[in-house]
Each structure stands twice: as structure tokens, then as C-alpha cells.
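Values in this text are rule-based calculations from the coordinates and carry no lab data. Nothing here was measured: the structure is a model prediction, and the numbers come from that model. Here Cβ is always computed from backbone atoms with ideal geometry, including for glycine, and neighbour counts include all displayed protein chains.
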Number of protein chains: 2
Amino acid sequence: MPAAAQPRRRRRDAQRSRRVILDAAEALFAQRGYDAASMGAIASRARVSSALPAYFFADKEGLYRAVLERCFAEREERLEPLADEVVAALGREGGLAGALRHLIDGYLGFLADRPDFVRLIGWEALHGARRLRATPRHSAAVERALRAALAVGSSAPSPRRDPDQLLISLVAMCFFPLEHADTMLSAMGIDAGDATFVQARKEHIIDALMRIIDAG
Amino acid sequence: MPAAAQPRRRRRDAQRSRRVILDAAEALFAQRGYDAASMGAIASRARVSSALPAYFFADKEGLYRAVLERCFAEREERLEPLADEVVAALGREGGLAGALRHLIDGYLGFLADRPDFVRLIGWEALHGARRLRATPRHSAAVERALRAALAVGSSAPSPRRDPDQLLISLVAMCFFPLEHADTMLSAMGIDAGDATFVQARKEHIIDALMRIIDAG
DNA sequence: TACTACTTCCTGAGCGATCAGTAAGTTATA
DNA sequence: TATAACTTACTGATCGCTCAGGAAGTAGTA
């Protein structure tokens, strides 16, 4: 038989199996949401039997939590160094403007690189963040960077320089177009993936934040 | 028999039945999402038999679409007059500032009055707005008001005055805190329903937009 | 008014499909 | 051989939907 269909029995490797299951689960949970992502579909995508996910992660709930934990851990790995860089940049010549640009650039870059993360957060928001409460979910990285930036600006406290409000607006301006690419942006005739739009969006956000902070 | 358990057969009323079914469906679709809102639960909440929703609306899909259509029609009823008022306010003494305040006030008021609408849009966004394409979904009201406001400001065209970018930021700043009350705001220790926060949020948005537009 | 014919509204029961979870069995590896 | 890795087969529950039929209302006719 020349090159017959080789069953190609794969070597047993629990770590690898866990990983491919987590990958498949992340993709399907992000794409379809918790309810619509069936264990069978996850197993099928991971090319394992339908019972293996439950073997490693106890049940669907456990698998979902493992996905969340891995996503949030990755967020920390990306945003914590970013915050350090932003704080460092505040002391250099570019000053506030350069630091703010680095912050927005890094944050938007993270969101663009991790669409699954954005979608998982979206599902969680609609589910009242019930499953989020069990996971370490507070990333103070962006907040830390923004507060540091505010500290070097004019020191006059003002309602519009309220760090909380500013942080919400920052995240909103970055997050919202990704969440609503198929609703609002599509209705406006905008392709959220278009490079020109993404660049214009970034410049708009940086400029807007500088003006709100009123630096200079 | 003194006041025995009266079955209280209710008078037949197709219009009323349609309405109570739509009300129940809207509440459950908004709360749980399309998949998790079962026809049985909807019927139960509407206090009708489990088969009546399908009798009136053909199937679950039809019921969902009817809910969406009613919600979007109500949005038009609220936002179109608002846009007219904003345009009218642009000509008066308050000028740009007053008009912008009226716009944000009205838009935030609508969103606060219709949490079901906000949540339904959220579910739709995550589902790729598949079911939204069939309904009239484009409300140009806010866009119309904003463009009119921009026209009376300084006429210099600038990237930061790009009406599209500005509209996205406006909606993002208003919408996002409502969508992510249980995720980001909760993680920040903020109660999104707190009156003080809501007021501060409104002032922040108005001030931010004025600064981005750079009027005066 | 009284009766019949017909339509619309509404219910309860049940069918087929899907899903999460489990238990028992099989194979690879140490 | 003992154990961990993995599969196959199965169960109970739930869901969307259909269907037969009954109750309520309407129109026509006398």
C-alpha cells in the first residue's frame, strides 16, 4: 500500500493535550460564548475524543475557568512591562506626549493581538461577570501608567482630570470599536480591520486624551 | 364556595398576548441571550402556554426579530426628536456647549431608560450582528446632531475633528460604562448605578468632547 | 333572538435532536 | 505490572417545535 491512510497514532502527551484543548476551548468560547460552545465541538477542534476535556478539566465550568485564567495571565505578561515602559518614558525628553503614545500604542496592540480576550470579556460582561469573580482579574497596569502620566501633567485637580473617569474613557475609546465592529462600525460603513482606520483611530485617541488632560 | 380558587380564565386578546410575549421575550433575551432564553421560560414569564409564542411568531428566530424591531423602532422615536432639538439649540445663545450638553444628556438618558436595548446590542455584537442585518438598524440621529454641531465649530478640518472618529468616541464613552458595569467598573470599585458617578460621567463626557472639538 | 358554521386563540402532550457528564474499557508508558 | 492517558458507549435532562383538539369569538341565517 503506497502511502495508505496512516492512523498515525500520536504519542501520549498530557501537557500537549491540555494545551490543544485549552486552545480549542478558548477559540470556541470566544467565538460562540459559553453556552453555544459544546464540549463535543471543543474536543473535535482539538482532535481528541469527546471525553478528554472533562478528563483533564473536570467539567465545562472548569475548562472555561482555565481558559480565563490563561488569558488573564497573558494580559499581565503583556501589560505590566508596558506600564513600566510608560512610566520610564515619562522621565525622558518626549515627556507626557511620548509616554501617552506608547501607552495607547501598546494597549491597542495587545487588544488587536488578542481578539479572543476582547470577546471573552464581552461575554463575561453580559453574563454579569459571574465566572470572572473567581479569577484574578484586576490588571492595574494601564491604570498605573495613566496615573503616573497624570501626575506629571499640571497638578491642578479637576473633574475632567479625574483619573477614574479618564481611565474609563481611555479603555472605552480603545475597546469599543473592537467590540462593535459588526454593529456600529459596520452600520457606519467602516471596516474595523482596515489599516488606515486603525491608524486614524490611534491618532484620534492619543490626541483626544492629550486634550482632555490639557497638557501644555 | 367562598372565593374558591378561581381558574380565572382570561378573556382572549391576541394583541395583549403578543405584547406580553414580546415583553417577556425582550426581558429574557436581554438578560440571558438568545440561546439561554428558552421558549418555555419566555412563555412562563408571559403567563401563557409554552406553545403560544411559536403560534404568534412562527419560531424562536421570528420572536427574536420581532423583539429587535420593536426596540429599534423605539430608539428612533426617542433619538430623532432629540436630534432635532440639538440642531435647534445650536442656533440659540447657549450655542455649541448647550447643544452638546443636550445631546449627551438625551443620549445617556435613553441608554439609562432602556438597559434591555444596551444588552441586546451587546449580544448582537458578539454574534456578529447576524440577526441585526435583517432589521432597520441605522439610526443616524446622533450622527446628524453631532455633524451639525461640528459644522458650527471652527471650520478647520482636522484629523481629530473627523466626524466618524468623534462619533465613535462619543458613543464609546456613553455606551461602554453601561456594558462593562460588571467587569471594568466593578473591578475599579465603582457602582455604575450610583447617581454621583452617573452625573460625574456625564460632565466628564461633555467636557471631553468640547475639548476634543476645541471650540472657542 | 336562536341556532349553525366557521375562524381565531390557546393549551397540553410528546417527538426528535442535542448536550454535559459518567462509567467502563483499551492502550501506551514508566 | 501499575498507572496515567485516552476512547467508546451510554444516560438523563433540556430544548425547539409540532400536533390534535378544545374554548372563545364572529358571521350568516332564520
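Observations, loosely collected:
- When the inverse distances between all different Cα atoms of the range B:103-153 are averaged and flipped, the Kirkwood radius reads 12.7 angstrom.
- Copies compared at B:Pro163 - label distances in nm, ascending, label defined 7 Å from Cα in the Cβ direction: 3.9
- Shielding by partners, peptide B:185-192 (average Cβ within 10 angstrom, other chains): 4
- For the range B:89-141 versus the range A:25-89, the inter-centroid distance based on Cα atoms is 33 Å.
- At 1.306 mPa s and 10 °C, Stokes D of the range B:1-107 from Kirkwood alpha-carbon radius, µm² per second: 95 µm²/s
- Copy-to-copy label separations for A:Pro115, where each label sits 7 Å from Cα toward Cβ, in nm and ascending: 3.1
- Against chain B, whose longest principal axis is taken from its Cα atoms, helix B:14-32 shows a tilt of about 60°.
- Of every Cα-Cα pair in the range B:74-135, the percent that sits beyond 16 Å: 56 percent
- Degrees between helix B:195-213 axis and first principal axis of chain B (Cα, 0 to 90, nearest 10): 40 degrees
- The range B:57-145: GluC sites (Glu not before Pro) in DSSP loop, at most 15 other beta carbons within 10 Å: B:Glu93
- As a rough guide to protection, the peptides B:187-198, A:179-190 ranked by mean Cβ packing within 10 Å, highest first, stand as A:179-190, B:187-198.
- When shorter helices are ignored and each DSSP H run of at least 4 residues is given -39500 (n - 2.57), the per-residue value for chain B at 222 nm works out to -22000 deg cm²/dmol.
- Tilt relative to chain B, helix B:95-113 - C-alpha long axis, 0 to 90 degrees, to 10: 20 degrees
- Size of the protein assembly as shown as Cα extents on the principal axes (Å, biggest first): 73, 69, 52
- FRET efficiency, A:Asp191 to A:Gln31 (Cβ-Cβ, R0 25 Å, nearest 0.05): 0.80
- q = 0.08, 0.11, 0.12, 0.14 Å⁻¹: log10 I(q)/I(0) that the Debye formula gives for chain B, counting C-alpha atoms only: -0.39, -0.66, -0.76, -0.94
- Distances in nm from A:Arg11 to the matching label points in the other copies, shortest first (labels 7 Å along Cα to Cβ): 7.9
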